[in-house]
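Following this message is one structure expressed as structure tokens.
The values are calculated or read from the model by the stated rules, or taken from the named source; none is laboratory data. Since the model is a prediction, treat every value here as computed from it, not as a measurement. Note: ideal-geometry Cβ built from the backbone for every residue, glycine included; neighbour counts use all protein chains shown.
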Amino acid sequence: METIEMKHNIPTWAKQRVTPEDHGFSEVRELHLQGRTQIQLPDLKKLRNWATSHAWPTPWFGFKKAFIAKLFESDETFLLALRESGIDIRIPIKEHTITTQKLIELDALYEEREDMGVLGRRPTRWGNLVDELREIRRLVEAGVRVRIEGTPTVLDTWQRFYSWAHGRYHALEDGCDSWIGDDKS
């Protein structure tokens, strides 16, 4: 099996399976154009045979690309492929809530310090906090509306996420080597 990944790497729990009953062609095609779909293809030989039997293009080079193009050609081809070809399409969930308990855990990572004597107190878990915040950022970038439990806060753009994260954990930007907007580290 081969997988065509989403542009933003989000956890498995934040992806939902596309079904013809719950997701329309236009919605999924738009998400695909935005890089917000994960498409798992069955064995390519079997998929090629299926495509041939349905008169879909089966070029030797670029078969996957041709298959995906045909998949999103029309509502009919989309439904046919979903029902019969063995593909599995995942899209981001629409919404996620960060619970009060999760906020307590994040705040604890921010506050944890090690006594360095005359040098003061040094943060010890900011790297873990940055990893957690990156995951939230990736959800937002993938189009998931992230709500903060007990508040009217909704993180649905990178700017709103950054304002919330920077407002809550302001010292991270100056005091941590890696940053929530940087996926390189």
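Of these, GLN40, GLN16, which one is free of Cβ contacts under 8 Å to residues at least 60 places away in the same chain, outside any helix (DSSP H, G or I) and closer than 24 Å to ALA142 by Cα?
GLN40
With LEU80, LEU106 as the choices, which residue is within 28 Å of ARG134 (Cα to Cα), in a helix (DSSP H, G or I) and of a type in the set (A, V, I, L, M, F, W, C)?
Within the list LEU80, LEU106, the selection yields LEU106.
Could you list all residues from region 143-184 that are outside any helix (DSSP H, G or I), among the aliphatic types (A, V, I, L, M) and at pLDDT below 95?
ALA171, ILE180 - these are the residues of region 143-184 that are outside any helix (DSSP H, G or I), among the aliphatic types (A, V, I, L, M) and at pLDDT below 95.
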